[in-house]
Amino acid sequence: MMMKGKEDEKESRSILEAIPLDVKKKKMDTVTVVTHHQQKQVFCEGDESTRDKKRLHVLLPYDMEVETLIRLPGKSLVKFLCVSKTWYSLIRSQRFVASYYAKKPSRFVAAFTNGVCEDPKRLFILSGEEEETWLSSSSSLVANLEMTIPSVTLDHGGYKYSSVHGFLACNDGLTFIICNPSTGQVIIFPCKSQRTSLGYDPVHDQFKALTLLTSIYDHMHNPSIMCMHEVIRLGRGRGGRVLVSRRPVTSPYYRPMTLGLCINGFMYYGASVPLPDQTAETPVFVCFDVRYERILSFITTPKDVLVGKGFTSLIEYKGKPAVVVPYRLGCGSSFDRFNLWILEDVTKHEWSKQTFQLPLSLPFTLGMGQRMISQGTNKADEIIFSPATLPGRAQPFYVFYFNPHTKTTRRVRIHGVADTEEFWSRYGLTGICCASFSPQHNDSIAIL
């Protein structure tokens with residue numbers, strides 16, 4: 001019995017012993033994985049004699065490559081440009097840039113600057129994901145600091161910046177600033193007037209800025225004067241330098257009342273045109289064709305649409321130009337209803353009007369006080385009102401979402417927008433800080 005036990009133990013031990021591999025006789029063969037842009041070798045086990053027979057070619061679909069890369073932040077993709085020429089070619093290709101822009105969900109962007117007369121001057125840009133929480137009466141979102149631009153400030157008034165095809169643009173005196181929060185690119189160049197707006201031509205994939213050079217004082221000295229504009233084309237030349245070319249454009253005289261809003265290759269902005277006898281003015285909407293670089297038309301506009309720069313918010317509503325005009329409560333500093341004017345037909349100059357009653361009053365003080373303005377809608381077509389200035393030192397930043405279908409309003413706090421004492425102290429914020437909010441900003445990895 002003892003002898004038999006020892007034999008069993010010996011047999012089980014031999015079964016558990018590892019079988020030695022002859023490494024010299026075995027080699028790793030390769031499988032070549034072929035993408036649209038490069039080849040990579042993946043090793044697999046095989047015999048040297050069958051190495052050529054086991055070489056495989058696997059074609060990865062372009063869509064698979066895109067689906068993998070669009071999950072990465074834009075700043076990461078910018079770093080990957082330095083990895084190799086192959087990666088640079090893929091990420092910088094027009095097809096991939098267009099796919100990234102189309103498939104990335106829109107985000108909200110909040111921006112603010114230090115006090116106009118305070119130092120240090122700096123523009124803060126934050127963004128966050130827009131959650132689909134419009135069914136709730138109150139919610140909160142989180143904004144992350146994307147970038148800061150030194151020596152830039154925003155003036156008091158209605159619009160602070162515009163969001164155009166993944167880029168943000170704003171004026172700081174005679175300086176025009178364009179930046180891409182997704183890549184961190186910043187372009188700063190001089191312009192000849194503060195009335196400069198950014199447009200985008202989707203046919204040729206080109207950004208252009210339109211500057212109005214003629215002022216109201218020029219018209220006072222010469223009533224028959226034509227409006228002079230400058231179209232600034234942005235492109236990229238050798239060595240990666242941004243090229244700026246300028247071209248003059250003329251039109252009949254008008255006085256601008258809003259900054260431009262670019263929709264589908266056309267820039268719209270409110271203005272007024274003097275009557276032939278020069279005794280009064282009539283409101284119009286100027287339509288500028290970004291592709292052909294010409295003032296396309298003056299759109300007849302009801303007089304109640306453009307009642308003043310401080311009272312007029314030009315937005316895009318369901319793909320059309322629209323204007324939000326608040327009704328102030330008497331001579332007070334708030335409003336509880338507003339008119340929504342929509343340009344239904346550009347060719348026929350047809351407008352529609354809707355009046356909405358808010359369930360609560362929102363602040364609307366002209367000058368340096370608190371004021372809620374609208375700068376657009378979200379995917380649910382909720383009209384969003386945001387403060388024109390930060391509410392105060394280390395105070396919560398709230399925006400209000402109004403649903404035109406249910407006639408309800410919800411208050412949403414945006415965490416991270418200078419709402420802590422630590423943030424104010426770190427960046428030296430003081431005074432009244434101008435703020436702006438864009439509800440639907442699309443990420444882009446395009447580089448100008």
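The values are calculated or read from the model by the stated rules, or taken from the named source; none is laboratory data. Everything numeric here is computed off the predicted structure, so don't read it as measured data. Cβ: placed from backbone, ideal geometry, glycine included. Neighbour counts: every protein chain shown. SASA here: full protein model, heavy atoms, side chains in, ligands and nucleic acids out. Shrake-Rupley method; radii C 1.70, N 1.55, O 1.52, S 1.80 Å.
Quick notes on this structure:
- Residue list for the range 194-229, restricted to those being among the aromatic types (Phe, Trp, Tyr) and more than 19 Å from Ile177 (Cβ to Cβ): Tyr217
- Checking the range 347-367 against the condition returns a match, with at least one residue being assigned to a strand (DSSP E or B), of a type in the set (Ser, Thr, Tyr), open to solvent by 10 Å² or more (accessible area, probe 1.4 Å) and modelled with pLDDT under 95.
- Identity of the residue in the range 249-292, touching a residue at least 12 places away in the same chain (Cβ under 8 Å) and among the polar types (S, T, N, Q), that ends up most open to solvent (accessible area, probe 1.4 Å): Asn264
- Taking each residue of the range 180-206 that is of a type in the set (Asp, Glu) and looking for partners that are open to solvent by 60 Å² or more (accessible area, probe 1.4 Å) with beta-carbon atoms closer than 7 Å, six or more apart or interchain, yields Asp201/Arg291; Asp205/Gln94.
- Filter pass, Leu154 being modelled with pLDDT under 95, of a type outside the set (Asp, Glu) and within 20 Å of the chain's Cα centre (by Cα): yes
- The strands (runs of 3 or more DSSP E) located wholly in the range 395-448 include none with 3 or more residues which are over 17 Å from Ala143 (Cα atoms) and without any contact (Cβ under 8 Å) to a residue 60 or more places away in the chain.
- Hits in the range 420-448 - residues which are more than 30 Å from Tyr100 (Cβ to Cβ), buried (at least 21 other Cβ atoms within 10 Å of the Cβ) and either touching a strand residue (DSSP E or B) at 6+ places or on another chain (Cβ under 8 Å) or among the small types (Gly, Ala, Ser) (or both): Cys433, Cys434
- Residue that is farthest from the chain's Cα centre (by Cα) [pool: residues in the range 249-264 that are of a type in the set (Ser, Thr, Tyr) and not in a strand (DSSP E or B)]: Tyr253
- Strands (runs of 3 or more DSSP E) within the range 170-232 that include 1 or more residues open to solvent by 30 Å² or more (accessible area, probe 1.4 Å) and within 25 Å of Gly74 (Cα to Cα): 185-190, 206-212
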